[in-house]
Amino acid sequence: MRSIAVWTVKGGVGKTSAAVNLAHAASADGLRTLLWDLDPQGAASFYLRIPSDLDGAVESITKRSVELSALVRPTEFDNLSMLPADFSFRHLDLALGATKKPRKRLASKLTGLADRFDLVFLDCPPSVSLVSETVVKTADAVLVPVIPSTLSMRTLHQVRAFVNEHGRGIEVLPFLSMVDRRKRMHNELGLACLADPAFLTTAIPSASVVEKMGVTRAPVAATLPSQPAARAYAALWWEIRGRIEI
Amino acid sequence: MSRYFLPTDFDVAASLGPGLELVIGPQKSLTTTYLDTFDWRLWRAGVVLVEESGHGRRLVLLESDREPNSHAIEARPGLAADLPKGHLADRIGPLMGIRALIPIGAAHVDRRDGRVENADGDIVALLRFDRVAALDRQGNSTTDPIATLQLRGDPGAAGFESLDDLTALVDHGLEMVTAVRGRRPGDYSSKLRVALDPEQTADSAVRRILLDLAATIEANVEGTMTDLDSEFLHDLRVACRRTRSALSQLKGVLAAETAAPYNAEFKWLGNVTGPLRDLDVYLLEMPGYHAVLPAAAAADLEPLEKLIRSTRNRALKSVAQVLRSTRFARLMTSWRQTLEATEPSPTAIAACRAIELADTRISKAYRRILKRGAGFDDDPPAEALHRLRIDAKKLRYLLEFFRSLYPEQVITARINELKQLQDILGGLNDMEVQRKRLTDFAHELHGDPAVPTSCILTVGRLAAILEERQEGFRMAFHDAFMEFSGRRARAAFSRISGGKGSK
């Protein structure tokens, strides 16, 4: 089983949309995929219509004796399951901090899911916290959405510095997100980003169909598969699949 | 995931808890084709594999306590190598081994997916309503369709207490779709499983065994002719060999004049199907040949593989001709008539108890092996080992014919001990036969100016590797035979053959 964290420290850059749409693309590709919503806002859970009110959600992560798999929920989509968020995740930092070896605990929780899933996407809260640090130490790769803007690119530097400090050679996979081709700065900075070989070459466009996921409550490809945004997520998934060799 | 029969008067929406709503999607029509190997390897492992075709084509892997795993496909996979990469291939491939997937049942399904939503529009449970009509071999629906309800999620949370009154379905519809084709899960196994009674007459026991073997031969004819996988022919030939072994090992039960012509005819069947089996073995061995050679030599084996495949195509045509022939049809018809004849065989042995016959013949076969092995020096000649291999096979067949007459644990232990010796003797023989045949192929390839010298050299190298392996088996033989003929084994055989084994 491989695990991909979707993380950045800046909000509103298309992180959760990417996590949901990429998890859907991976599942459509035949992989038994789990989307784990670690963000207390529960946006990924909302998009997939999974109630985010779990009893014992924090304990299922921090306590060895509580089975995490019992909280896994099926979604409407083939091969795609979800571990929904819970508002109590806002205290997850404190609870993880109280465990002796948070990374080891999370790793063992993931191992417990290995016979049921081929791939886990972890939608992380957009902050520098013990949760993100633990996830970065545990996952196989970190996917970082980057809007072609000065601030967002500055954030990528921060993410890379954080991963270098805490990760163990974990692969950072930045990709261009919410790209508006009508904006000159997006085009110029986008090109500059793609000169960096670490960047995935597929850019996710800024699209109203992605924004409408809050209304349709489904991945873009499930409702409007021929839209450019849906095709872009599918292409991005293929690129990621090649990079992490799954 | 739970599945239930859904009675026509059951109102799902009305049985939901308060504040919940049923949202149903559009109806889709699809054909579901259930796939398994001819000998039910997936079903035996608790796995159901369904191909769904309608809007696109996909394979769906169903296992209890697991979410279904589905994979889009362009064509139906035959052998394990055709499976889409990933979990499906990892799970199914090893179960299939060298066997092909074949359709074992099909149904027309009208499907509607739905979800139970709470007031926030969140999913409380996922529902699937299927109206399933099993299809016969011609693709016609001949029985009344059934309605099923599949539920994923927590029935309690959806307020579905009333589901407890519904009849649960446990097999994903497999029994229903196979029944209309006259089959049932697990109805074929290459293993001989005849339930005999120790007190029944030897005559009736032997007829039961031979009828079971005749059924195995017949069951494998179609698959051999259509060349679905190499195991059809293999099973057919093993049943044929077991039949001949039974005729000779259980001599005297059927009258000699009755048995003799059939023995000759089954010998003919074995002979005419032998060359195709030999060529199958080479093709099955090919990955093994590649594994022992350096990667650079892989291309050198291409002309050999090509030669084997073209020779095999001719051999397959000739086997298909045999299986379509009047001679084969007559053999099987008259053999069945002979075995099903109501008047008992007139011989004295035929009237004895089945257990007596089994005890005597197993003991005799075991003693024959001990006697032959006792005469061996440190380096027995290949011919003597070949005869010992055949003796061991005869004993193995007898143990399998009569296994139901003995405690299962005891007979399985003896078969396993014998198998260890057989593996070594079989390995010795296989290496010898393959080495000789490779030399023949090398001669044939040598005559073809298009074949590069490197190919001939690689085949020679392969023959040398096989000779080394043969030597390895030869070294292992002595210890294996000592074990099989030792005091402990003699005592164990004595216990299953009425005290006759250790003498």
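The values are calculated or read from the model by the stated rules, or taken from the named source; none is laboratory data. Quantities reported herein were computed from a predicted structural model and do not represent experimental measurements. Neighbour counts run over all protein chains shown; Cβ positions are idealised from the backbone, glycine included. What goes into the accessible areas is simple: the full protein's heavy atoms, side chains included, and nothing from ligands, DNA or RNA. Shrake-Rupley method; radii C 1.70, N 1.55, O 1.52, S 1.80 Å.
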Condition check for A:Ala44: within 30 Å of B:Leu88 (Cα to Cα), within 14 Å of chain B (Cβ to nearest Cβ) and at pLDDT 95 or above
yes
Residue hits (segment B:441-483; over 34 Å from the mean Cα position of the chain (by Cα) and surrounded by 17 or more Cβ atoms within 10 Å (Cβ to Cβ)) are B:Leu445, B:Val451, B:Cys455, B:Ile456
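How many of the residues making up segment A:52-65 are more than 11 Å from chain B (Cβ to nearest Cβ) and open to solvent by 50 Å² or more (accessible area, probe 1.4 Å)?
5
The rows are residues; the columns are (1) away from chain B (no Cβ under 14 Å); (2) part of a loop (DSSP other than H, G, I, E, B); (3) open to solvent by less than 40 Å² (accessible area, probe 1.4 Å).
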position: A:Leu173; (1), (2), (3): yes, no, yes
position: A:Arg181; (1), (2), (3): yes, yes, no
position: A:Leu191; (1), (2), (3): yes, no, no
position: A:Phe199; (1), (2), (3): yes, yes, yes
position: A:Ala203; (1), (2), (3): yes, yes, yes
position: A:Val210; (1), (2), (3): yes, no, yes
position: A:Ala232; (1), (2), (3): yes, no, yes
Considering only segment B:112-126, I want to know if a residue exists there that is surrounded by fewer than 18 Cβ atoms within 10 Å (Cβ to Cβ), outside any loop (DSSP other than H, G, I, E, B) and more than 14 Å from chain A (Cβ to nearest Cβ).
no
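Could you grab me the full set of residues in segment A:66-76 that are more than 10 Å from chain B (Cβ to nearest Cβ), surrounded by 15 or more Cβ atoms within 10 Å (Cβ to Cβ) and touching a residue at least 12 places away in the same chain (Cβ under 8 Å)?
Within segment A:66-76, A:Leu68, A:Ser69, A:Leu71 qualify.
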I need the full set of residues from segment B:36-89 which are more than 17 Å from A:Phe77 (Cα to Cα), hydroxyl-bearing (Ser, Thr, Tyr) and within 14 Å of chain A (Cβ to nearest Cβ), in order please.
B:Ser64
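Table: residues versus (1) closer than 14 Å to A:Met213 by Cα; (2) open to solvent by 10 Å² or more (accessible area, probe 1.4 Å).
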| residue | (1), (2) |
| --- | --- |
| A:Thr8 | no, no |
| A:Gly11 | no, yes |
| A:Gly14 | yes, yes |
| A:Ser17 | yes, yes |
| A:Ser45 | yes, no |
| A:Leu48 | yes, no |
Name the residue, out of B:Ile102, B:Ile92, B:Ile98, that is of a type in the set (Val, Ile, Thr), more than 10 Å from every other protein chain (Cβ to nearest Cβ) and under 30 Å from A:Ala70 (Cβ atoms).
B:Ile92
Could you grab me the full set of residues in segment A:78-96 that are of a type in the set (A, V, I, L, M) and within 14 Å of another protein chain (Cβ to nearest Cβ)?
A:Leu80, A:Met82, A:Leu83, A:Ala85
Answer yes or no: is there a residue in segment B:194-209 that is touching a Gly at 6+ places or on another chain (Cβ under 8 Å) and surrounded by fewer than 22 Cβ atoms within 10 Å (Cβ to Cβ).
no
Considering only residues that are more than 14 Å from chain B (Cβ to nearest Cβ) and assigned to a loop (DSSP other than H, G, I, E, B), which ones fall in segment A:107-158?
A:Gly112, A:Cys124, A:Pro125, A:Pro126, A:Ser127, A:Val128, A:Ser129, A:Ala139, A:Asp140, A:Ile147, A:Pro148, A:Ser149
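For every residue, the table says whether it meets (1) within 22 Å of B:Val238 (Cα to Cα); (2) open to solvent by less than 10 Å² (accessible area, probe 1.4 Å).
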site	(1), (2)
B:Leu339	yes, yes
B:Ile355	no, no
B:Arg367	no, no
B:Lys393	yes, no
B:Phe401	yes, yes
B:Ser404	yes, no
B:Gln409	no, no
Residues in segment B:10-38 that are over 27 Å from A:Ala222 (Cβ atoms) and buried (at least 19 other Cβ atoms within 10 Å of the Cβ): how many?
5
Where residues in segment A:212-230 are within 14 Å of chain B (Cβ to nearest Cβ) and open to solvent by 70 Å² or more (accessible area, probe 1.4 Å), which of them is farthest from A:Ala25 (Cα to Cα)?
A:Val215
Tally of residues being assigned to a strand (DSSP E or B), within 20 Å of B:Asp11 (Cβ to Cβ) and without any contact (Cβ under 8 Å) to a residue 60 or more places away in the chain across segment B:133-178:
1
Sort out which residues of segment A:13-39 are outside any helix (DSSP H, G or I) and either of a type in the set (Lys, Arg) or in contact (Cβ under 8 Å) with a residue 60 or more places away in the chain (or both), and write them in order of number.
A:Val13, A:Gly14, A:Asp29, A:Leu31, A:Arg32, A:Thr33, A:Leu34, A:Leu35, A:Trp36, A:Asp37, A:Leu38, A:Asp39
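Output yes when any residue across segment B:75-90 is open to solvent by less than 50 Å² (accessible area, probe 1.4 Å), assigned to a strand (DSSP E or B), at pLDDT 95 or above and among the small types (Gly, Ala, Ser), and no when none is.
No, the conditions are met nowhere in segment B:75-90.
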